[in-house]
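Just below is one structure, and these are the notes that go with it.
Every number here is computed from the coordinates shown, using simple stated rules; none is lab data. Remember, predicted model here, so these are calculated numbers, not experimental data. Note: ideal-geometry Cβ built from the backbone for every residue, glycine included; neighbour counts use all protein chains shown.
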Amino acid sequence: MKTFKVSDLMVPLSEYASVPENATLYEAVCELEKAQAAFDHSRYRHRAVLVYDKLGHIVGKISQLDILRALEPKYDEMLDREGLHHFGFSRKFMQSMLAHYQLWTKPLEDICREAGEKTVGQFMHTPREGEFVEESAGMDEAIHQLVLGHHQSLLATRGREIVGILRLTDVFGAIFHTMKQCHRTG
């Protein structure tokens, strides 16, 4: 895996959806839609929007799951309780939580309208140290970080500057392609 570099598979920042941290969720969803329409259709679609600060530096990302979480404000309360999101629950227990917390009680149109006015800064994920990888790093290092960190993507850096995003789907695609090639020649 040392023959592949992060830079070979990463999506450059210029091709990725991004919004300022004070943008609304509605603006982020529109930017994601626009980026998906312009992106190379032979590759997997984007599943997140990068968030930048006033100086243009990437400070976070907002995923599809983050946007869904923003639809119901009570999720923050539920997920903050002692790492609740790390446990697997039965369907019956999940339904009881839905009733207990009185989730999703408004019409979907109202929920979407209210959530669309919230800023991405409220719901974005701020990357931690283990979510950055040098663009010159080998794929072995990147895969190690993706697997052990359970990440869907890593931010590719050149020194201290973020230059792209390495997505799990693109890494998997390269592995799958290599596996098929090895099988044909083996």
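So what's Rg/Rh here for the chain, counting alpha carbon atoms and using the Kirkwood radius for Rh?
1.02
Which of ALA115, ALA38, ALA28 moves the most in a Gaussian network model of the chain with Cα springs under 10 Å?
Ranking ALA115, ALA38, ALA28 by mean-square fluctuation puts ALA38 first.
Could you list THR157, THR178 so that the one with the fewest beta carbons within 10 Å of its beta carbon is first and the one with the most is last?
Ordered from fewest to most neighbouring Cβ atoms within 10 Å, THR157, THR178 come out as THR178, THR157.
What fraction of the DSSP beta bridges in the range 6-185 is antiparallel, stated in percent and rounded to the nearest 5?
Just about 70 percent of them are antiparallel.
Going by how many other Cβ atoms sit within 10 Å of their own, how do ASP140, ASP170 line up, fewest first?
Arranged by neighbour count, lowest to highest, ASP140, ASP170 become ASP140, ASP170.
Assigning unit charges at the beta carbon (Lys, Arg +1; Asp, Glu -1) and nothing else, what dipole magnitude in debye, to the nearest 20, does the range 6-185 show about its Cα centre?
Its charge dipole is roughly 580 debye.
Taking neighbour counts of Cβ atoms within 10 Å as a proxy for exposure, in what order, fewest first, do HIS46, HIS125, HIS150 appear?
Values: HIS46 23, HIS125 14, HIS150 7.
The most exposed by this proxy come first: HIS150, HIS125, HIS46.
Which of LEU155, CYS182, ALA137 sits closest to the plus end of the dipole of the chain, meaning its Cα is farthest towards the positive end, when Lys and Arg get +1 and Asp and Glu get -1 on the C-beta?
Ranked along the dipole, the leading option is CYS182.
Charges on Cβ only, +1 for Lys and Arg, -1 for Asp and Glu, centred on the Cα centroid of the range 6-185; of MET10, ALA99, GLY164, which one is farthest towards the dipole's positive end?
ALA99
Where does the chain land at 222 nm, in deg cm²/dmol rounded to the nearest 500, when only DSSP H runs of n ≥ 4 count, each adding -39500 (n - 2.57), divided by all residues?
Dividing the helical sum by the residues of the chain leaves -13000 deg cm²/dmol.
Set the Förster distance to 30 Å, then compute FRET efficiency between ARG45 and ALA99 from the Cβ-Cβ distance, nearest 0.05.
It comes out at approximately 0.30.
Identify which of ALA99, ALA35, ALA174 has the largest mean-square fluctuation in a Gaussian network model of the chain, with springs joining Cα atoms closer than 10 Å.
ALA99
What's the longest uninterrupted piece of the chain once you rule out the GluC sites (Glu not before Pro) that are loop residues per DSSP with at most 13 other Cβ within 10 Å?
Working: sites that count: GLU82, GLU117.
Result, exposed sites excluded: 1-81.
Identify which of PHE132, PHE93, PHE172 has the largest mean-square fluctuation in a Gaussian network model of the chain, with springs joining Cα atoms closer than 10 Å.
Taking springs between Cα atoms under 10 Å, the residue moving most is PHE93.
From zero up to wherever the largest Cα-Cα distance of the range 122-169 sits, split into 10 Å bins and tell me the percent of pairs in each.
Pairs per bin, as whole percents: 27, 59, 13, 1.
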